[in-house]
């Protein structure tokens, strides 16, 4: 019962990461995984009851666990080539092939999960001897199973996947299931089964030690990949440029060239924020907070364009921070890195800021607690009187529903809201200013009259402001307001992504 509960949760989380590497970790993917696993467990419960009545023997339960272990160990070997095809299909947005490969991997889970589902009714059939103690025994076994589920969840998420990877997590789960089955066969003197599944167990152990060679994805330019508790991480290199990709890989989260700072993307655009204020100067920007630091592109640009500013960068994934330092030049003297949830860490930081950047959105991965009235009210309180927030937002072609929804919420807190559409991308940057005198005309005047930092040899800030002026746009602000109690962000992002997949061909931001 303990192993049944533990193994089920280990399979569920390992499967979510297996699929998340290619298809992402949106609530749609999670809904499919959890929903189908529940269906498989239901099937297993029904089958286990019939099986237990037909053969109420401990060695039969051992055989079930052994088969569950065998199918768990085989699953990643079969799934890996299918997922490599899926990755190529996702890069090309081949929807038919994506659907087929996704379905294939989901169907592979039916055997091990269904077999684990048989454990509960089988164990109850063996353990309950009389009706007098049936309630006590079933309660105890249910508690044991739940404890196994608890341990399996945290063991997989916090230890196994970050330290040994998804494929070895499957093999570790398989080895545990096989080991307990071998103990049953030994106790019951089933030496034939002991020999056969003993050899299987040794093969699983050997495969876990040797590992599965090669990258998970055959992506051009791939020089590094890593699994963390939060993401599947890739570093790509093309010439002098490096890019950070996460999960399914639609979109670049950071960019780095040791000899270049301005890339024309959203990273430098967030630095424009303070200059919507009248008579703004470089030296006015003393503190910047970046919620969603990633590998530090915006922080690196700020160190050149705004050299007097101290930057507090918040990133939830510690592995991305280490990758930023190793591959993206994120060893910056003006940068303080804080690992944790953006809202939680931002609320704890003392003092006020001239600029707060929120770069933690990308459809369909938008944390609901960072789109609400309460969140933006907290940010407003963290700003100086001339403070500005900058929000990097993805949009789907002509679908501006996400921008409009956020503008409706932000405008309840800030007197001025501005939107910039970046050319040749599906990114927009929304600025919200605390000073009612902030405006587009100030941005133009400040650009033309500013004395730029001597370190800014590429005119990074000048170019970023010019790009903002060229991309001047607007948003509808009369929509529903998101709150901590009600923020249906998933409805908007899921609808936007599905519409995009049907009607668009460009890469998501």
| message | Taking the conditions exactly as written (under 30 Å from residue 81 (Cβ atoms), in the same structural domain as residue 200 (by TED's automatic domain parsing) and touching a strand residue (DSSP E or B) at 6+ places or on another chain (Cβ under 8 Å)), does residue 152 satisfy them or not? | response | no
| touching a helix residue (DSSP H, G or I) at 6+ places or on another chain (Cβ under 9 Å), crowded, with 21+ Cβ neighbours inside 10 Å and part of a helix (DSSP H, G or I): does that describe residue 379? | yes
| task | Would you mind telling me which numbered condition in (1) closer than 21 Å to residue 301 by Cβ; (2) not in a helix (DSSP H, G or I) residue 412 fails? | result | (1)
| field | Count - residues of the stretch 460-509 that are surrounded by fewer than 17 Cβ atoms within 10 Å (Cβ to Cβ), modelled with pLDDT of 90 or more and in a helix (DSSP H, G or I) | value | 4
| field | Exclusive hit being touching a helix residue (DSSP H, G or I) at 6+ places or on another chain (Cβ under 9 Å), part of a helix (DSSP H, G or I) and at pLDDT below 80, set 75, 83 | value | 83
| query | Of all residues in the stretch 264-302, which are closer than 16 Å to residue 331 by Cβ and either in a loop (DSSP other than H, G, I, E, B) or not assigned by TED's automatic domain parsing to the domain that holds residue 436 (or both)? | reply | 293, 294, 295, 296
| note | In the stretch 122-149, anything part of a helix (DSSP H, G or I), free of Cβ contacts under 8 Å to residues at least 24 places away in the same chain and loosely packed, with under 14 Cβ neighbours inside 10 Å is listed as 131, 132, 133, 134, 135, 136, 139, 140, 143
| message | Of everything in the stretch 107-121, what is buried (at least 17 other Cβ atoms within 10 Å of the Cβ) and either more than 17 Å from residue 45 (Cα to Cα) or more than 27 Å from the chain's Cα centre (by Cα) (or both)? Give them in sequence order. | response | 108, 111, 114, 115, 116, 117, 118, 119, 120, 121
| query | Restricting attention to the stretch 154-163, and to residues there that are in contact with a helix residue (DSSP H, G or I) (Cβ under 7 Å, 6 or more places away or on another chain) and farther than 8 Å from residue 10 by Cβ, which single residue is surrounded by the fewest Cβ atoms within 10 Å (Cβ to Cβ)? | reply | 157
| query | Given 323, 338, which one is farther than 16 Å from residue 456 by Cα and part of a strand (DSSP E or B)? | reply | 338
| said: Give me the residue from the stretch 431-444 that is more than 37 Å from the chain's Cα centre (by Cα) and surrounded by 15 or more Cβ atoms within 10 Å (Cβ to Cβ) and, out of that set, nearest to residue 463 (Cα to Cα). | reply: 444
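The values are calculated or read from the model by the stated rules, or taken from the named source; none is laboratory data. In this text the structure is predicted, and so the values were computed from the model without any measurement. Neighbour counts are summed over all protein chains in view; Cβ atoms, including those assigned to glycine, are modelled from backbone coordinates with ideal geometry.
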